[in-house]
Amino acid sequence: MKNLNKTLIAACLATLSCVSFAQSSSYGEVSYISGRYSEPSISANPTSLRLIYGMKSSESLSYEAMLSLGMATGTGQYKTVNYGIKENSIFGVYAKGITKLGESVQAFGRLGYTSTSLTDTATGPGGSFQQTTSGGSLSYGAGLNFSIDTTSSVNVDYMAYYNRNGINVNGLGIGYQRSF
């Protein structure tokens, strides 16, 4: 049932994006993400590269597809155990609301759904352990775009990618966006 709900949400957002494609302008974005993984006893700061393809349906609404790929493992220590958290991938679909704050500044908010895959490693006196986990969650965030010219901008945003069962995956992103 959960997989059916995820599929329906993705299909609805994809359909809305396709319907608005004829009157939309497309854009791409690449961002460096400084991530934060946390759960009750541990935390780590993995980094990733995020790619977004978006379509504007109006001046105030866009639809986006996102892929984020892990770059560096976040590490830490809990008692005598050293651990690492690496983001394998995060896939997401979003609706993005946009409002102008001035001639060259826009504020935006994203709301959507992500599917996250992480690899956890641990090494301690008793040996080593590695596992890959995945799950989906509501995802949201907000940020600012600063226009460079009519087709490009730089941006900063903060996203909550995953928040379920006491586990949180968040990230601060700095990126470049270009319209097609």
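If you scan segment 138-180, which residues turn out to be farther than 22 Å from MET55 by Cα and surrounded by fewer than 14 Cβ atoms within 10 Å (Cβ to Cβ)?
Initially, segment 138-180 is screened for residues farther than 22 Å from MET55 by Cα, giving 162-172.
The answer is ARG164, ASN165, GLY166.
Cβ-Cβ below 6 Å, separation at least six or inter-chain, first residue in segment 120-142 and over 23 Å from LEU172 (Cα atoms), second assigned to a strand (DSSP E or B) and of a type in the set (Val, Ile, Thr): which pairs?
ALA122/VAL81; GLY124/VAL81; GLN130/THR121; THR132/THR119
Quick grid of which residues meet (1) within 13 Å of GLY171 (Cβ to Cβ); (2) in contact (Cβ under 8 Å) with a residue 60 or more places away in the chain:
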{"position": "ARG36", "(1), (2)": "yes, yes"}
{"position": "GLU39", "(1), (2)": "no, yes"}
{"position": "ILE42", "(1), (2)": "no, no"}
{"position": "ASN45", "(1), (2)": "yes, no"}
{"position": "GLU59", "(1), (2)": "no, no"}
{"position": "TYR63", "(1), (2)": "no, no"}
{"position": "GLY70", "(1), (2)": "yes, no"}
{"position": "THR80", "(1), (2)": "no, no"}
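Before we move on, is GLY84 under 19 Å from the mean Cα position of the chain (by Cα), modelled with pLDDT of 95 or more and of a type outside the set (Phe, Trp, Tyr)? Lay out the reasoning, then the answer.
Values: under 19 Å from the mean Cα position of the chain (by Cα): no; modelled with pLDDT of 95 or more: yes; of a type outside the set (Phe, Trp, Tyr): yes.
It is false that GLY84 is under 19 Å from the mean Cα position of the chain (by Cα), modelled with pLDDT of 95 or more and of a type outside the set (Phe, Trp, Tyr).
The values are calculated or read from the model by the stated rules, or taken from the named source; none is laboratory data. Here the structure is a predicted model, which means the values were calculated and not measured. Positions of Cβ are generated from backbone atoms using ideal geometry, with glycine treated the same way; all protein chains shown enter the neighbour counts.
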